[in-house]
Each structure stands twice: as C-alpha cells, then as structure tokens.
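Please read the structure below before turning to the comments.
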Amino acid sequence: MDKLTTDVKKYAQETLGARLVGVASVDRFAEAPRGHRPDDLLPGAQSVVVVALPILKSLLNWRGMLKDSEVIPEEVELPSGEMFEARTAIENHIYGRCCYESINNELQRITMHTTFLLEEAGYESAYMPITYGATFHQVRGPIPGKFGPFSHRHAAVAAGLGELGINNLLLTEKFGAKQRIGSIITTAQLEPDPVYEGNLCLGEECPLDIFGERRSFQMLGKKMSLASMNKDNCVGAGIKCGGTCMRVCPAGK
C-alpha cells in the first residue's frame, strides 16, 4: 500500500476513530446516475474514501427500554384530549439520538478532518454530507424521495466494505447491517481495496412485511438482489419501525 493511502487510513481509524475504512477508484462508479458520480461532484476526482461507525445492538433494542419506568407514564392526556405515548416518544429519542444523530455527527467530523489531511497533502478533496441529519430539508418535486447527492452505500460497496442486502442496506462482515457511513471524494490517486467477494445476505423476511418483488442486478461484477419496499409498512410505521431492519438482520457478527 502506498504511503498516502496508509496515512489516510491510519489517520481516519487510529486518530479519528473510524471502525471501517475502504478506498474505491473512480472508475468503479461508471454506472452511477449522471451528475452523482464522484468526478461530477469534484472534477478530476480519482478516489473515494469511505468510513463507517457501528450502531450498537443494545441501542437498537430501544423499544421497551422504559417499560418499567415509575417516572414516565405510558400515556399522557394532552389539553386537546388526545393521548400522547410519552414513554414510546422518549424511547424513540434514544434511537434517534444514539443510533442516528450522534453517529452522523461523528462521521461528519471524521470525513471533514480526513479531507483536511488530503488537502494539506496537496489534493483537492470534498467530504459529502451524511444522510440526512437536522439540516436536511426534503426537496419537493418530481425526484425520488429522500434522494441524497451521493450514495454512501454504493460507495461502500465500491470500496470493498461489504455488499448491499435485500433490504437495500450495506452489509459488512463485522457489523452486519448495523453501521452508518460517510464518504470523501478526492483527486488523490489512492490504492483501491478489492471488492468484497463474500455473500452476507441471507434474504430473511422482514417482521414488518415490507419486502415485495425481488430483482437481481450486477454491481462491479457481483450478483446482488434487492426487494421492492412496501413503504406504507416501513416509513409509515414511524416510531414503530425505527431500526428494525438493522436489528433483525442476521448478517455479520
């Protein structure tokens, strides 16, 4: 491995705390949508660095954490007469803060400071926003729902961290579906990692019954499968749904 690639990985992991780091060459994004390839976002881009942090299984078991609380009632009647599920709302705060926003903030810090390192080495670089976060506002119009500027999941596959599961989540050997990811685009020609050749997805059924028709596709020479999603059962489930895909997925350690 060349010195710059070694320095970047070591800095992201040992200094900043990333648990997984991979590198992809820009040619691996040739089939990405036009306008969302690395060299569309940063002219002259040569490489993409992808980092990941795990989501703890203990925190994904947020539902029911406060079931025996003698302080927080299960329901509270609002002045309007509506019943508010106070205990569930605070449990959901545990999930949203500890499994989502805190990790997003750390990933943005890691990608930002790693980008500074690359810039100081003389290579124009750009870190991508972590999906989504408190500053994200859903754009209205004829575009795919919650469509980010750059796909961290596909970048992670291109960087050899794992594969896409039938649930459309990144699966890795170490964390299964339980991680969040961030990406850096750089003009530095770093040494790419090999594409992951294993098979992590077991195609299990979802307890919320969201999987529909399945289709196979090729990505970087590897066959993968995705299922269509019944979003009424998934996104529409709101609090009930939080983290279920990650919690029940049997992939990983």
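The values are calculated or read from the model by the stated rules, or taken from the named source; none is laboratory data. Quick caveat, the model's predicted, so the values are computed rather than measured. Neighbour counts are summed over all protein chains in view; Cβ atoms, including those assigned to glycine, are modelled from backbone coordinates with ideal geometry.
Tabulated data for the structure shown
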{"read-out": "Residue under evaluation Asp193, criteria (1) under 20 Å from the mean Cα position of the chain (by Cα); (2) assigned to a strand (DSSP E or B), criterion not met", "value": "(2)"}
{"read-out": "Single residue of segment 79-99 satisfying the filter (small (Gly, Ala, Ser) and part of a helix (DSSP H, G or I)) that is modelled with the highest pLDDT", "value": "Gly96"}
{"read-out": "Lone unmet requirement of (1) farther than 20 Å from Leu161 by Cβ; (2) touching a strand residue (DSSP E or B) at 6+ places or on another chain (Cβ under 8 Å); (3) in contact (Cβ under 8 Å) with a residue 60 or more places away in the chain for Ala12", "value": "(1)"}
{"read-out": "Residue, farthest from Glu101 (Cα to Cα), within segment 119-153, restricted to residues that are of a type in the set (Val, Ile, Thr) and at pLDDT below 90", "value": "Ile143"}
{"read-out": "Top-ranked residue of segment 165-190 - restricted to ones that are assigned to a strand (DSSP E or B) and touching a Cys at 6+ places or on another chain (Cβ under 8 Å), ranked as farthest from Gly35 (Cα to Cα)", "value": "Gly176"}
{"read-out": "Qualifying residue in segment 100-115 (condition: more than 20 Å from His152 (Cα to Cα), out of contact with any Phe, Trp or Tyr (no Cβ under 8 Å at 6 or more places or on another chain) and either outside any helix (DSSP H, G or I) or among the aliphatic types (A, V, I, L, M) (or both))", "value": "no"}
{"read-out": "Enumerated helices (runs of 4 or more DSSP H) restricted to segment 1-71, each holding at least 3 residues that are of a type in the set (Val, Ile, Thr), in contact with a helix residue (DSSP H, G or I) (Cβ under 9 Å, 6 or more places away or on another chain) and surrounded by 15 or more Cβ atoms within 10 Å (Cβ to Cβ)", "value": "none"}
